[in-house]
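*Asks:* Below: one structure in structure tokens.
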Amino acid sequence: MKKDIDCFDDVKLLVDSFYDQVKPDATIGYIFNDIAQVDWEAHLPRMYSFWASMLLGESSFNGDVMSKHIQLNRKTSLTQAHFDRWLQLWTATLDQHFEGKKADEAKARGKSIADLMLFKISKT
């Protein structure tokens, strides 16, 4: 039986494992690596903070996620297929490592975030 997400180390495992899948992915990897040219050493701690805030109630994240994605969409069109793949990898990573209420919440929040981002970038 897998455990649920209940501490920062779990969030770190989730985020690291997820991005280990994203980086080489044929559908979305190039967006992170080539278009956004993500500085992983800077990005990963921000994502730990973001997801710890979302799932654990920590208030450590400070940032504007939406405008970053709007700017990225101006460089390359972010499509439903991109967000679907992101969500597929997110869900698969959660299923690989966790189960329980927080894991289910992480899936639901991931879907809500992906849907909202796609909606907002399509309006710009």
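*Asks:* When only residues in the stretch 15-38 that are in contact with a helix residue (DSSP H, G or I) (Cβ under 6 Å, 6 or more places away or on another chain) and among the hydroxyl-bearing types (Ser, Thr, Tyr) count, which is most open to solvent (accessible area, probe 1.4 Å)?
*Replies:* Checking each candidate, the answer is THR27.
*Asks:* Looking at this structure, is GLU41 over 19 Å from ALA92 (Cα atoms), acidic (Asp, Glu) and surrounded by 12 or more Cβ atoms within 10 Å (Cβ to Cβ)?
*Replies:* Working: over 19 Å from ALA92 (Cα atoms): yes; acidic (Asp, Glu): yes; surrounded by 12 or more Cβ atoms within 10 Å (Cβ to Cβ): no.
The answer is no for GLU41.
*Asks:* Filter the stretch 46-94 down to the residues that are outside any helix (DSSP H, G or I), open to solvent by 30 Å² or more (accessible area, probe 1.4 Å) and in contact (Cβ under 8 Å) with a residue 40 or more places away in the chain and list them by number.
*Replies:* Listed by number, the list holds a single entry, GLU58.
*Asks:* State all residues of the stretch 36-93 that are under 11 Å from the mean Cα position of the chain (by Cα) and modelled with pLDDT under 90; if no residue qualifies, say none.
*Replies:* Residue satisfying the conditions is VAL65 alone.
*Asks:* Go through (1) open to solvent by less than 30 Å² (accessible area, probe 1.4 Å); (2) modelled with pLDDT of 95 or more for MET117 and report which single condition fails.
*Replies:* (2)
The values are calculated or read from the model by the stated rules, or taken from the named source; none is laboratory data. All values derive from a computational prediction rather than experimental measurement. So basically every Cβ, Gly included, is an ideal-geometry build from the backbone, and we count neighbours across all protein chains shown. The protein model used for the area step is the full one, side chains on, heavy atoms only, and it has no ligands, DNA or RNA in it. Shrake-Rupley method; radii C 1.70, N 1.55, O 1.52, S 1.80 Å.
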